[in-house]
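The next block holds one structure in the form of structure tokens; read it before the comments.
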Amino acid sequence: QQVKAGAYTLRYALHPADGNHLGISVYRDFLVMSPVGADQNPDAALKFDELMKLSAKTLGSVHPSPISLVSPEGLKNSPGVETNDHGNLVFVARVKTQSGADMPIAFVVKGEAEQ
């Protein structure tokens, strides 16, 4: 899905464990994009359905805008962008957690979901 240039929030979620989402990824973890103008309170604890509706505004559709989180294992350019073993272009970086620990993160910026 092509996303228009703009400012977006990213929130963490898990793929639902239902028949529509089984086998779509090795990882259930993903980020959900939402237009920053529609998601202005980062402290808001949104329910899953609320988050999906908010994210659907990114593309103007009924489906949310997920970004797959993937394992950073084996990816060396941090911060940077590189191709993973599945042929996806992946952004890799390290982030600080609330406890101050350094944690790697990696997510697909260009790729195709397995169907």
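The values are calculated or read from the model by the stated rules, or taken from the named source; none is laboratory data. Just so it is clear, the model here is predicted, and its values are computed rather than measured. Accessible surface areas use protein heavy atoms only, side chains included; no ligands, DNA or RNA. Shrake-Rupley method; radii C 1.70, N 1.55, O 1.52, S 1.80 Å.
Quick notes on this structure:
- At 0.890 mPa s and 25 °C, Stokes D of the chain from Kirkwood alpha-carbon radius, µm² per second: 161 µm²/s
- Taking a straight line from the alpha carbon of Lys4, these lysines sit under 26 Å away, with near neighbours fewer than eight places off in the same chain left out: Lys47, Lys53, Lys57, Lys110.
- Percentage relative contact order, segment 35-86, counting C-alpha pairs under 8 Å, at least six apart: 21 percent
- Note on the chain: with neighbouring protein chains present and a 1.4 Å probe, carbon and sulfur make up 53 percent of its accessible heavy-atom surface.
- Relative contact order of the chain, defined on C-alpha pairs under 8 angstrom at six or more residues apart (%): 20 percent
- Potential lengthening between Phe48 and Met103 on full extension [0.36 nm per residue; Cα-Cα distance subtracted]: 17.3 nm
- Rule-of-thumb Rg ratio for segment 22-76 [Cα; 2.2 N^0.38 Å; N residues]: 1.30
- Length gained on full extension, Glu112 to Gln40: 23.0 nm, using 0.36 nm per residue less the C-alpha separation.
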